[in-house]
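The values are calculated or read from the model by the stated rules, or taken from the named source; none is laboratory data. Owing to the predicted nature of the structure, the values given are computational and were not obtained by experimental measurement. Glycine also receives a Cβ, built like all others from the backbone with ideal geometry; neighbour counts cover every protein chain displayed. With ligands, DNA and RNA removed, areas are computed over all heavy atoms of the protein, side chains included. Shrake-Rupley method; radii C 1.70, N 1.55, O 1.52, S 1.80 Å.
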Amino acid sequence: MCKKTAIYPGFFDPITNGHLSIVSRALKIFDRLIIAILKNPQKNALFTVDERIYMISRAFKSESNVEVDTFDGLLVDYAVKKDTNVVIRGLRALSDFEYEFQMALMNRKLNRNIQSIFLMTDYKWFYTSSTIIKEAASFGGDISGLVPKMVNQKLKEKFGYAKNT
Ligand code: PNS
């Protein structure tokens, strides 16, 4: 049987339970998933690339078919390098659609062979994003249940809310 790999690209700053939901759905379709973090020096990230790699690797430590990697430049070129033509993206509300539509069509313009597949995250995560979670966490808001426990702890440390034990 042909083993099929897909790429799940993004910033993952940080990884959320919404992302985890997309990964587990993608693994029901594909044999292997590469979570690919864009290294973009222009975008201000809260977590360093190494911190994001660490958090994602921890979240999937028992999944041998999930690889964590980084890329820069065009996603379509990275896909060719990784010998796949499938890009997974998560969709939450309708508001995601326009950006995703543009990106999928641009990627297809850049490489006719690239196929974008959109998976719906679980309804529980429809309203969440890394950005809104970071904002809530920055003011000490309770974001438990929206991110893996270890990510919650890292957010508290970043924003100075971690308890000294
Ligand atoms: O986490 P995000 O912001 O939704 O991720 C966006 C990402 C990293 C998938 C997108 O910006 C990307 O693929 N950038 C790489 C550069 C590229 O290929 N651009 C052309 C297609 S729009």
### Query
Hey, in the GNM for the chain with a 10 angstrom Cα cutoff, which one of LYS154, LYS82, LYS43 fluctuates hardest?
LYS43
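Give the whole-number value, in cubic angstrom per residue, of the convex hull volume spanned by the C-alpha atoms of segment 50-125. Working shown, then result.
Details: hull volume 9.4 nm³, N = 76.
In segment 50-125, the Cα convex hull volume per residue is 123 Å³.
Restricting to DSSP loop positions (anything but H, G, I, E, B) with no more than 13 other Cβ atoms inside 10 Å of their own Cβ, which chymotrypsin sites (Phe, Trp or Tyr not before Pro) remain in segment 32-116?
none
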### Message
For q values of 0.14, 0.19, 0.25 Å⁻¹, compute log₁₀ I(q)/I(0) with the Debye formula on a Cα-only model of segment 70-165, without solvent.
### Response
-0.71, -0.95, -1.16
### Task
Could you pull the Cα extents of segment 1-85 along its three principal axes, largest to smallest, in whole Å?
42, 27, 17
### Summary
Cα-based Debye curve of the chain sampled at q = 0.18, 0.19, 0.20 Å⁻¹ gives log₁₀ I(q)/I(0) of -1.21, -1.33, -1.46
### Message
Could you check the spin-label model distance between ASP50 and PHE97? Points 7 Å from the Cα along Cα→Cβ, value in nm.
### Response
4.3
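Expressed in nm to one decimal, what extension gain is obtained for the pair PHE159 and MET106 from 0.36 nm per residue of sequence separation less their Cα-Cα distance?
Numbers: separation 53, 0.36 × 53 = 19.08 nm, distance 3.66 nm.
Length gained, PHE159 through MET106: 15.4 nm.
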### Integer Hz, Karplus 6.51/-1.76/1.60 couplings in order for segment 103-117, x for Gly and Pro
5, 5, 6, 5, 4, 6, 5, 6, 8, 4, 7, 6, 10, 9, 10
### Query
Of the accessible area of segment 52-101, with the probe set at 1.4 angstrom, what percent is carbon plus sulfur?
52
### Message
For the pair ASN113/ILE29, report the inter-label distance in nm, with labels modelled 7 Å from Cα in the Cβ direction.
### Response
2.0
